[in-house]
Amino acid sequence: MGKKPPFYKSNFTKNYQSFKNFLSDFQTYKKSKYFLFNVDEDLINEMIKFSQIDLRKVEGYISKGHLQINTLKKRLDVCKEFLIWMGDKKIATFNVHALFPKIEKTKKEIIF
């Protein structure tokens, strides 16, 4: 059996599902459904703010909220890749460089 296309990597599937849960929780929190025409810099910033809310003791949410910076970066990277894919398929075009702030991964210090 040959190599799988990169789109089907298990990490991508896991990250996609996590983003889907995040987006579902975001819509629940905002009491609103979001569509492609809603995607703008303000929406991305609202998603970032939402990611810092602690949902562990709040009923009705899939995720626990209060994301670490690296986890937030993963969620936004999946969203960005999806928007790029939509542009490649000529479904909708987004300037992802203007939409998403630059978020650097944090390095963990290894302690023995």
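The values are calculated or read from the model by the stated rules, or taken from the named source; none is laboratory data. Owing to the predicted nature of the structure, the values given are computational and were not obtained by experimental measurement. For neighbour counting, all protein chains shown are included, and Cβ atoms are generated from backbone atoms with ideal geometry for every residue, glycine included. Calculation scope for accessible area: heavy atoms of the full protein, side chains included, ligands and nucleic acids excluded. Shrake-Rupley method; radii C 1.70, N 1.55, O 1.52, S 1.80 Å.
Consider segment 46-57 and keep the residues that are over 14 Å from the mean Cα position of the chain (by Cα) and loosely packed, with under 13 Cβ neighbours inside 10 Å. The one that is farthest from P101 (Cα to Cα) is K57. Being on the phi < 0 side of the Ramachandran plot, modelled with pLDDT of 95 or more and touching an Asp or Glu at 6+ places or on another chain (Cβ under 8 Å) is a property that holds for K30.
Residues in segment 79-88 that are within 9 Å of the chain's Cα centre (by Cα) and open to solvent by 40 Å² or more (accessible area, probe 1.4 Å): K80 alone.
Residues of segment 92-112 that are β-branched (V, I, T) and either part of a helix (DSSP H, G or I) or without any contact (Cβ under 8 Å) to a residue 12 or more places away in the chain (or both): T93, V96, I110, I111.
Listed conditions (1) in contact with a strand residue (DSSP E or B) (Cβ under 7 Å, 6 or more places away or on another chain); (2) farther than 18 Å from S18 by Cα; (3) not polar (S, T, N, Q) are all met by M86, apart from (1).
Only one of the listed residues (L43, L67, L76, L72) is within 15 Å of the chain's Cα centre (by Cα), in a loop (DSSP other than H, G, I, E, B) and under 20 Å from N15 (Cβ atoms). That residue is L67.
Scanning segment 20-35 for residues being outside any loop (DSSP other than H, G, I, E, B) and either of a type outside the set (A, V, I, L, M) or farther than 17 Å from L72 by Cβ (or both) gives a total of 10. Residues in segment 89-101: is at least one surrounded by 13 or more Cβ atoms within 10 Å (Cβ to Cβ), hydrophobic (A, V, I, L, M, F, W, C) and over 23 Å from K14 (Cα atoms)? Yes, there is a match, as at least one residue in segment 89-101 is surrounded by 13 or more Cβ atoms within 10 Å (Cβ to Cβ), hydrophobic (A, V, I, L, M, F, W, C) and over 23 Å from K14 (Cα atoms).
Condition check for K64 on (1) in contact with a helix residue (DSSP H, G or I) (Cβ under 8 Å, 6 or more places away or on another chain); (2) surrounded by 11 or more Cβ atoms within 10 Å (Cβ to Cβ): one failure, at (1).
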